[in-house]
Every structure is written in structure tokens, then in C-alpha cells.
Amino acid sequence: IVYTTYGTIGWLPDLEKWAKVVSHFLKPGGKLIFVEFHPFIWMYNEDFTEIKYDYFQGEPIIEISEGTYADQSAKIALEEIGWNHEISAVMQSLIDQNLELRNIQEYNYSPYSCFKNMKEVAKGKFEIPQFGNKVPYVYSIVAEKK
């Protein structure tokens with residue numbers, strides 16, 4: 001089993017290399033369990049008031065962020081470089097490595113309050129107030145090595 005979770009591929013510019021590493025560590029019949037924040041969410045500015053970034057991977061996203069994901073009020077400013085990978089690119093990189101997609105799901109909540117001003121609407125379910133449960137926050141893929 002290879003398990004990849006929230007906030008991993010956004011730091012990687014090349015999904016083909018990532019998928020090769022995943023495939024390398026899977027034996028035939030082995031499974032990738034992948035859960036990630038939905039690229040829809042990464043299109044927006046910090047306040048979720050306007051679309052700022054492309055859904056499709058293009059140029060790197062370079063931002064200066066204050067605080068950290070663990071402590072949004074931390075007195076620190078960092079330059080972050082990331083990439084927004086559309087779901088089809090993630091799936092295709094896995095298919096190109098002979099991984100068979102077994103399941104894909106999208107979720108209309110986040111399990112973490114990791115974006116600005118999120119509200120917990122049920123235990124372990126967070127939403128951006130202006131979006132509510134009308135947008136995807138997270139998606140998951142299960143793939144198996146042939």
C-alpha cells in the first residue's frame with residue numbers, strides 16, 4: 001500500500017515523476033490510497049472572493065503566506081511555490097504507470113479547518129461559509145498496480 005494524503009502533490013511540479021515513485025513501491029496487486037484537496041479550492045484567492053489561479057496546471061503559483069497551516073496566527077511570512085494539478089492530470093499520470101483506477105470520489109467538505117474562516121458544520125466537516133456544501137473540497141482515488 002502507498003498512502004498519499006492532503007497537501008502533497010501541490011508541492012510537486014511533475015506528476016509523472018510522482019506516479020513513477022508510487023508505481024515503483026507497489027507490488028502487483030498493490031494499492032495506492034490517495035486523498036487530496038480538490039483543485040477547485042486552489043483556484044481562489046486567500047479570502048475565497050475571486051478566482052485567482054488556473055484550474056489547469058500552468059505556471060507555478062508563488063505566494064507569500066503569513067502563519068502556517070498548523071498555526072495561522074504564527075508571526076512568520078514565507079514564500080510558497082505550488083502547482084494546481086487538475087484531476088484528469090493526476091489520473092492520467094497513474095494510468096501511464098499501469099495503475100488501474102478502482103475508485104474516485106469527491107467530497108463537499110474538508111476534514112480540516114485549513115483555509116481562512118472555515119466553519120465546522122458537523123463533527124469533522126468544515127466548509128467555507130460562502131460556498132457551503134455546494135463545491136468540492138477534497139477528492140480521493142484508489143488505484144491498483146496491474
Cβ pairs under 8 Å, 6+ apart, first in segment 11-33 and over 18 Å from SER140 (Cβ atoms), second of a type in the set (Asp, Glu) and open to solvent by 30 Å² or more (accessible area, probe 1.4 Å): GLU16/ASP96; GLY29/GLU144
Matching residues, segment 97-130, being open to solvent by 30 Å² or more (accessible area, probe 1.4 Å), among the aromatic types (Phe, Trp, Tyr) and over 30 Å from GLY29 (Cα atoms): TYR109, TYR112, PHE126
Every residue from segment 21-49 that is exposed (fewer than 14 other Cβ atoms within 10 Å of the Cβ), charged (D, E, K, R) and modelled with pLDDT of 95 or more: LYS27
Sole exception among (1) out of contact with any strand residue (DSSP E or B) (no Cβ under 7 Å at 6 or more places or on another chain); (2) in contact (Cβ under 8 Å) with a residue 60 or more places away in the chain; (3) of a type outside the set (Ser, Thr, Tyr) for ASP54, by number: (2)
Complete set of residues in segment 1-13 that are over 12 Å from the mean Cα position of the chain (by Cα), part of a loop (DSSP other than H, G, I, E, B) and surrounded by 13 or more Cβ atoms within 10 Å (Cβ to Cβ): PRO13
Complete set of residues in segment 101-112 that are over 13 Å from ILE41 (Cα atoms) and not β-branched (Val, Ile, Thr): LEU101, ARG102, ASN103, GLN105, PRO111, TYR112
Search result, residues across segment 116-135 that are modelled with pLDDT of 95 or more and under 14 Å from PHE48 (Cβ atoms): MET118, LYS119, PHE126, GLU127, ILE128, PRO129, GLN130, PHE131, GLY132, LYS134, VAL135
Scan of segment 64-94 for residues that are surrounded by 13 or more Cβ atoms within 10 Å (Cβ to Cβ) and at pLDDT 85 or above, ordered by number: GLY82, TRP83, ASN84, HIS85, GLU86, ILE87, ALA89, VAL90, MET91, GLN92, SER93, LEU94
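Quick one: which strands (runs of 3 or more DSSP E) sit completely within segment 14-119 and have at least 3 residues that are more than 16 Å from the chain's Cα centre (by Cα)?
Filter on segment 14-119 gives 61-66, 77-82, 99-107.
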Hits in segment 134-146 - residues which are surrounded by 14 or more Cβ atoms within 10 Å (Cβ to Cβ) and in a loop (DSSP other than H, G, I, E, B): VAL135, PRO136, TYR137
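The values are calculated or read from the model by the stated rules, or taken from the named source; none is laboratory data. This structure is a prediction, so every number in the text was calculated from the model and none was measured. Note that each Cβ is placed from the backbone with ideal geometry, even for glycine, and that neighbours are counted across all protein chains shown. Accessible surface is based on the protein model in full, side chains and every heavy atom, while ligands, DNA and RNA are left aside. Shrake-Rupley method; radii C 1.70, N 1.55, O 1.52, S 1.80 Å.
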